[in-house]
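> One structure follows; several queries about it will come next.
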Amino acid sequence: MAARGEDPEAPEPVADDPSGTTRGDDPGDAEGTSSGSGSRNGGSSGGDGSEDGPGEGGGGERPRPRRGRRIAVATSLFLVLVLVATLVLPFSREGLVSLWCDVTGGVCPAEELPPITEDEESDWRVRMEPEEAALWGNYVALGDSYSSGDGAGDYLPGTAESGGCWRSENAYPRVIAEEFDFAGALAFYACSSHKGSDMLKQIGTPESQIERVTEGTSLVTLGIGGNDLGFIPVLRTCIVRMPLLESSVCVQQEEDIDKRMASFEKTLAEVLGQIRERAPDARILVLGYPRLFPEEPPGMYYTLTKNDQLWLNDLAQRFNGLIRDVVYRVDGEVYGSRSTGSVEYVNTFSALAGYEVSAEEAWLNGIVLGRLGEGLRVDRASFHPTAQGQMSIAERVRLQIVEGPERVLYVSRETLDDVDPRQLESELGGPLDPARETEAPEVAGSPADEADAPDRLNGQPTG
């Protein structure tokens, strides 16, 4: 080899090679030396481009790339694009991968491509934001007196009577219906004195609350359990007692209360199952109960001592915990099975904080006093929220609607495709609504009929 800076010696021509080129001069020869027709980057190791230029070492011009090499490069690029298309278009990748293996002589992907999943084809669910998942259909309000608005005044016609449902214009379902723009309308069927066990027994009858729920229901609110627990009788036992001194009369009820709680746990799970069976795409918001007495009672409330009030607060909190646990368990099953809809807990325990029954401006009705000589009387509406109390509970429900649960929400694509105003209107009241039998035929598409339908169905005394 010549020293650096010297002209390299020209190699001897190959025998019988008429062109006189060296073995290293062939551009297609991967083993060619740098002293042939030049290095691959067009210059010597010095990089100045002055050494080993064209014509040196071979005595002639540098050969042009062969036509066959161009075709090979183009073919390779085409096959690469085909492989990319294979990955982008899953429906054809099996055949294209087979073609690639044949063309390349068996050079196939190292790992088999995963099979096409159901989700890749199509997802039968639609992911929705919390608010839109609550508003695409009708809103059905179920529950007991805390949800019907008993104690809040301004009762709907036909509901404010002995044995009635006492549905109030000020109840939180009415507030929610006015605040949000539902695609459907409110079906308000919460009823004073109702129990969860009543809801189950009445299934299949016109009086049933659960039968009001249909496939077109996007939101259900449910406040139930206080009557199953016997909360008003418990309060009555604590309050109406003699002598009017501190005693263990409240705490002595605890054993019976625990038994009722255990029974209601199963009842609530069954009620939620029945609702979901009828409205699998609905968001079901289950409300707890508010605290009745201050966190730190300032003194006695009528005959209730501080300890009595604290015990009653604790009882409400334990009961709320049971309701919450059932709700979380049922919703866990819903989400774990990749189903649509949801079951969510709404914490209202502190909704009346600072305005409990003994406050100067209480948002709860206190004990209703009987006429002179009748003594203390724990009336139906005692310890129930006023209109302002219902507004505070409505705020908790509103926040839950907007913020949603701590998970994503899905609605069936088929349900959303099929829903329309006429269909939602036809479902209001449920399939067993007695009003259906007496309804006059409606003119299809009549704006007046659509406007009147919510007022006609909301708050009827049936149920």
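The values are calculated or read from the model by the stated rules, or taken from the named source; none is laboratory data. In this text the structure is predicted, and so the values were computed from the model without any measurement. Counting neighbours? That spans all protein chains shown, and the Cβs are built from the backbone with ideal geometry, glycine included.
Residue-by-condition table, conditions (1) at pLDDT 95 or above; (2) of a type in the set (D, E, K, R):
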{"site": "GLN388", "(1), (2)": "yes, no"}
{"site": "ALA394", "(1), (2)": "yes, no"}
{"site": "PRO405", "(1), (2)": "yes, no"}
{"site": "GLU425", "(1), (2)": "yes, yes"}
{"site": "PRO431", "(1), (2)": "no, no"}
{"site": "ALA435", "(1), (2)": "no, no"}
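> Do you know which of the residues in the stretch 157-209 that are surrounded by fewer than 17 Cβ atoms within 10 Å (Cβ to Cβ) and of a type in the set (Val, Ile, Thr) is farthest from the chain's Cα centre (by Cα)?
Checked the stretch 157-209; the qualifying residue farthest from the chain's Cα centre (by Cα) is THR205.
> Hey, another quick one. Would you point out which residue out of ASP150, ASP181, ASP144 is farther than 30 Å from VAL411 by Cβ and at pLDDT 95 or above?
After applying the criteria, what remains is ASP150.
> Continuing with this model, one more query. Please identify the pairs in which a residue from the stretch 252-268 that is assigned by TED's automatic domain parsing to the domain that holds GLY230 has its Cβ atom under 7 Å from the Cβ atom of a residue that is at pLDDT 95 or above and of a type in the set (S, T, N, Q), counting only partners at least 6 apart or on another chain.
THR267/SER197
> Limited to the stretch 128-147, what total is found for residues that are closer than 10 Å to PHE188 by Cα and either under 13 Å from the mean Cα position of the chain (by Cα) or small (Gly, Ala, Ser) (or both)?
Total satisfying the criteria: 3.
> Would you mention how many residues in the stretch 133-165 are more than 15 Å from ILE224 (Cα to Cα) and in contact with a Leu (Cβ under 9 Å, 6 or more places away or on another chain)?
Selection size over the stretch 133-165: 8.
> Follow-up question, since we're still on this one. Quick one: in the stretch 326-350, of everything that is surrounded by 14 or more Cβ atoms within 10 Å (Cβ to Cβ) and small (Gly, Ala, Ser), which residue is nearest to GLU215 (Cα to Cα)?
GLY341
> Something else now. For VAL419, work out the one condition from (1) within 26 Å of VAL175 (Cα to Cα); (2) at pLDDT 65 or above; (3) in contact with a Leu (Cβ under 9 Å, 6 or more places away or on another chain) it doesn't fulfil.
Every condition holds for VAL419 apart from (3).
> Would you be able to say whether some residue in the stretch 216-226 is over 30 Å from GLU131 (Cα atoms), surrounded by 20 or more Cβ atoms within 10 Å (Cβ to Cβ) and not acidic (Asp, Glu)?
Checked the stretch 216-226: no residue is over 30 Å from GLU131 (Cα atoms), surrounded by 20 or more Cβ atoms within 10 Å (Cβ to Cβ) and not acidic (Asp, Glu).
> Can you work out which of the residues in the stretch 153-174 that are acidic (Asp, Glu) and at pLDDT 95 or above is nearest to GLY341 (Cα to Cα)?
Among them, the one singled out is GLU169.
> While we're on this one: Quick one: what pairs do we get from the stretch 290-308, first residue assigned by TED's automatic domain parsing to the domain that holds VAL346 and aromatic (Phe, Trp, Tyr), second assigned to a loop (DSSP other than H, G, I, E, B) and surrounded by fewer than 21 Cβ atoms within 10 Å (Cβ to Cβ), C-beta under 7 Å, 6+ apart or different chains?
PHE293/SER358; TYR301/SER358; TYR302/ILE367
> Taking the condition over 21 Å from LEU432 (Cβ atoms) and in contact with a strand residue (DSSP E or B) (Cβ under 9 Å, 6 or more places away or on another chain), does GLU179 pass?
Answer is no for this residue.
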